[in-house]
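Structure below; questions to follow.
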Amino acid sequence: MVSADVLLDEHLQAKTASTINDHLRAHGIELRQTGSDGGYPLFTLVSTRMHSNRKPKNIIFASLTSSCTVGGETSSP
């Protein structure tokens, strides 16, 4: 979401990361600039609770709706 592959404006990358971090910090993680790639900031998910700042293994995004589309057909649980 904040990669230079998606957003080519560095200011917009930082602003988007900040907006996302407002929601992630409550869960103990944040997007942090950890380097650069081709002159653009490189953001990585890091724990705000671990002293070693290891990367979380998985982050799962879920839909707020309960319907599911499989093979072009929509069904509800």
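A short reminder: the numbers here are calculations on the coordinates, not readings from a lab. As the structure is a computational prediction, the values presented were derived from the model and not from experiment. Because the Cβ atoms are built from the backbone with ideal geometry, glycine has one as well, and the counts that use them run over all protein chains shown.
Does region 1-54 come out rounded, prolate or oblate by the C-alpha gyration tensor, with a ≥ b ≥ c the root eigenvalues, rounded set by a/c under 1.5 and, if not, prolate when a/b is larger than b/c and oblate if not?
Oblate shape, in that a/c is at least 1.5 and b/c is the bigger or equal ratio.
With a point put 7 Å past each Cα toward its Cβ, work out how far His23 is from His11 in nm, to one decimal.
2.4
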